[in-house]
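**Student:** Below: one structure in structure tokens.
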Amino acid sequence: MDISRNIEATSKEIEFSGVISVKAGDDLIHSSAHGYSNRADEIMNTTETRFGIASGCKLFTAIAICQLIQKGKLRFDSKLKDCVRIMFPNFNQNVTIHHLLTHTSGIPDYFDEEVMDDFEELWKNNPMYHVKGLKDLLPMFQDEVMMFQPGERFHYNNAGYILLGLIVEELTGLEFTEYIDKNIFLPCDMKNSGYFSMDQLPKNTALGYIDEENGAWRTNVYSLPIKGSADGGAYITTSDMFRFWDGLFSNQLLNQEYTNLLLETHIATEDEGEYYGYGIWIRKKNDAIFKYHLMGYDPGVSFNSAVYPAKRLRTVITSNKGMGPYHITRAIEKEV
């Protein structure tokens, strides 16, 4: 496979900024860093730079919920109304954990990606620097009406994962991000990963950049909640992400039964051949699993990571620009 040649050519063509790492089995067959982590001071990205992964971390939330179910504290058919002491006056009373995990709940979303284009619009009336915890997002959707009946169809939903995070907090007494640190990052030895506040980023963390049409650029510091949570916003390194995949597939995070349930194709999406498990996208070809994959896109952030089981191939692509990982993934898959 001539993966590196395709990666380098595509990276140059799209002016990629970020890190690209590919493993075949246990062997690292490609690892490269591109662009600046800090443009003003001309600090280059390295292969150990931390990057935001936006919605790529919904899988962490799904694993947290499955851990609680595995411990008997919750069920997939548990109803939302029985899991949190928060009122949702216009929600259907039959919304379950399974519905929330699979984006089939029908609850209103605070950012509906099918009808809204600009994530920054959210913060005009709700300043992003006030969004430091899960409950800070509730006023943006708590009193709205259902979009459709639970289980009716797949419709990607960020608010559903906010509710899952609140359930984790309710059942454990821990802040959501603290739970993930202790029960996912720590067991997987993900020492450089975390939910960092944008006004207190640790060293070796890439700033996210938004490129304007006139050639100017600005950081995304006013474009996202100041701290990520259950629907997105964690920071990882590519090496930590490989450790995460190792931990998941070796049953360090869930036993075999619940790992299998997490990775099951629970619902077909709008894209032919694309399915959704619990917090994870699943692509099939010829009725076989082609890849398990994660995607994340925010202003100044883009991310893609995939596991190709038949090829024993794993990829992690992080970027501090709003595009790039999709194109790199396509370049890699030309060889796969």
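**Student:** With (1) at pLDDT below 95; (2) part of a loop (DSSP other than H, G, I, E, B); (3) under 30 Å from residue 187 (Cβ atoms); (4) not aromatic (Phe, Trp, Tyr) as the list, and residue 72 as the residue in question, which single condition is left unmet?
**Tutor:** (1)
**Student:** Specify the residue that is modelled with the lowest pLDDT; the eligible residues are those in region 185-222 that are of a type in the set (Ser, Thr, Tyr) and within 23 Å of residue 34 (Cα to Cα). Spell out how you get there, then give the answer.
**Tutor:** Quick first cut of region 185-222, residues of a type in the set (Ser, Thr, Tyr) only: 193, 195, 197, 205, 209, 219, 222.
Pick out the ones that are also within 23 Å of residue 34 (Cα to Cα) and you get 193, 205, 209, 219.
Working: 193: 98, 205: 98, 209: 98, 219: 95.
Among residues in region 185-222 that are of a type in the set (Ser, Thr, Tyr) and within 23 Å of residue 34 (Cα to Cα), the one modelled with the lowest pLDDT is 219.
**Student:** Could you please give the count of residues in region 228-247 that are over 28 Å from residue 138 (Cβ atoms) and crowded, with 16+ Cβ neighbours inside 10 Å?
**Tutor:** To start, the set of residues in region 228-247 that are over 28 Å from residue 138 (Cβ atoms) comprises 237-247.
Next, only the ones that are crowded, with 16+ Cβ neighbours inside 10 Å stay: 237-245, 247.
Counting residues in region 228-247 that are over 28 Å from residue 138 (Cβ atoms) and crowded, with 16+ Cβ neighbours inside 10 Å gives 10.
**Student:** Quick check, is residue 189 at positive phi and among the acidic types (Asp, Glu)?
**Tutor:** Working: at positive phi: yes; among the acidic types (Asp, Glu): yes.
Yes, satisfied.
**Student:** Sticking with this one: List the number of the failed condition for residue 250; all other conditions in (1) of a type in the set (Gly, Ala, Ser); (2) under 19 Å from residue 71 (Cα atoms); (3) surrounded by 15 or more Cβ atoms within 10 Å (Cβ to Cβ) hold.
**Tutor:** Exception for residue 250: condition (3).
**Student:** Tell me the residue from 37, 32 that is out of contact with any Phe, Trp or Tyr (no Cβ under 8 Å at 6 or more places or on another chain), within 30 Å of residue 175 (Cβ to Cβ), in a strand (DSSP E or B) and not β-branched (Val, Ile, Thr), please.
**Tutor:** Details: 32 fails: within 30 Å of residue 175 (Cβ to Cβ).
Step by step, each of 37, 32 is checked, and only 37 is out of contact with any Phe, Trp or Tyr (no Cβ under 8 Å at 6 or more places or on another chain), within 30 Å of residue 175 (Cβ to Cβ), in a strand (DSSP E or B) and not β-branched (Val, Ile, Thr).
**Student:** Filter region 82-123 for residues that are surrounded by fewer than 20 Cβ atoms within 10 Å (Cβ to Cβ), farther than 19 Å from residue 222 by Cα and among the aliphatic types (A, V, I, L, M); which is modelled with the lowest pLDDT?
**Tutor:** Restricting to residues being surrounded by fewer than 20 Cβ atoms within 10 Å (Cβ to Cβ), farther than 19 Å from residue 222 by Cα and among the aliphatic types (A, V, I, L, M), the top hit is 115.
**Student:** Any residue at all in region 194-217 that is surrounded by 21 or more Cβ atoms within 10 Å (Cβ to Cβ) and in contact with a helix residue (DSSP H, G or I) (Cβ under 6 Å, 6 or more places away or on another chain)?
**Tutor:** Yes, the conditions are met somewhere in region 194-217.
Condition check ((1) surrounded by 19 or more Cβ atoms within 10 Å (Cβ to Cβ); (2) touching a residue at least 40 places away in the same chain (Cβ under 8 Å); (3) of a type in the set (Ser, Thr, Tyr); (4) out of contact with any strand residue (DSSP E or B) (no Cβ under 8 Å at 6 or more places or on another chain)) across all residues:
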site: 125; (1), (2), (3), (4): no, no, no, yes
site: 129; (1), (2), (3), (4): no, yes, yes, yes
site: 142; (1), (2), (3), (4): yes, yes, no, yes
site: 163; (1), (2), (3), (4): yes, yes, no, yes
site: 172; (1), (2), (3), (4): no, yes, yes, yes
site: 176; (1), (2), (3), (4): yes, yes, no, no
site: 179; (1), (2), (3), (4): yes, yes, yes, yes
site: 191; (1), (2), (3), (4): no, yes, no, yes
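**Student:** Confirm whether residue 208 is touching a residue at least 60 places away in the same chain (Cβ under 8 Å), within 21 Å of residue 55 (Cβ to Cβ) and small (Gly, Ala, Ser).
**Tutor:** On the way: touching a residue at least 60 places away in the same chain (Cβ under 8 Å): yes; within 21 Å of residue 55 (Cβ to Cβ): yes; small (Gly, Ala, Ser): yes.
So residue 208 passes the test.
**Student:** How many of the residues in region 235-251 are acidic (Asp, Glu) and closer than 24 Å to residue 202 by Cα? Spell out how you get there, then give the answer.
**Tutor:** First, pick out the residues of region 235-251 that are acidic (Asp, Glu): 240, 246.
Of the ones still in play, those that are also closer than 24 Å to residue 202 by Cα are 240.
Here the count works out to 1.
**Student:** Could you check, for region 262-277, whether at least one of its residues is more than 27 Å from residue 291 (Cβ to Cβ), in contact with a Gly (Cβ under 8 Å, 6 or more places away or on another chain) and buried (at least 19 other Cβ atoms within 10 Å of the Cβ)? Full working, then the answer.
**Tutor:** Residues of region 262-277 more than 27 Å from residue 291 (Cβ to Cβ): none.
Checked against the condition, which is being more than 27 Å from residue 291 (Cβ to Cβ), in contact with a Gly (Cβ under 8 Å, 6 or more places away or on another chain) and buried (at least 19 other Cβ atoms within 10 Å of the Cβ), region 262-277 yields no hits at all.
**Student:** Taking only pairs six or more apart or across chains, which ones have beta-carbon atoms under 7 Å, a first residue in region 256-280 that is closer than 18 Å to residue 151 by Cα, and a second residue that is in a helix (DSSP H, G or I) and polar (S, T, N, Q)?
**Tutor:** 279/61
**Student:** Could you please find all residues in region 283-314 being under 22 Å from residue 207 (Cα atoms), modelled with pLDDT of 95 or more and over 13 Å from the mean Cα position of the chain (by Cα)?
**Tutor:** Answer for region 283-314, where residues must be under 22 Å from residue 207 (Cα atoms), modelled with pLDDT of 95 or more and over 13 Å from the mean Cα position of the chain (by Cα): just 300.
**Student:** Consider residue 271 against the criteria (1) closer than 18 Å to residue 156 by Cβ; (2) of a type in the set (D, E, K, R); (3) at pLDDT 95 or above: it satisfies all of them except one. Which criterion is unmet?
**Tutor:** (3)
**Student:** In region 225-276, how many residues are outside any loop (DSSP other than H, G, I, E, B) and either on the phi > 0 side of the Ramachandran plot or among the polar types (S, T, N, Q) (or both)?
**Tutor:** From region 225-276, those outside any loop (DSSP other than H, G, I, E, B) are 227, 229, 232, 235-236, 238-249, 256-262, 267-268, 274-276; that's our starting set.
Narrowing the set further to residues that are either on the phi > 0 side of the Ramachandran plot or among the polar types (S, T, N, Q) (or both) leaves 229, 232, 238-239, 256, 259-260.
Of the residues in region 225-276, 7 are outside any loop (DSSP other than H, G, I, E, B) and either on the phi > 0 side of the Ramachandran plot or among the polar types (S, T, N, Q) (or both).
The values are calculated or read from the model by the stated rules, or taken from the named source; none is laboratory data. From a predicted model like this one, the values you see are computed outputs, not experimental measurements. Cβ atoms come from the backbone with ideal geometry, glycine included; neighbour counts cover every protein chain shown.
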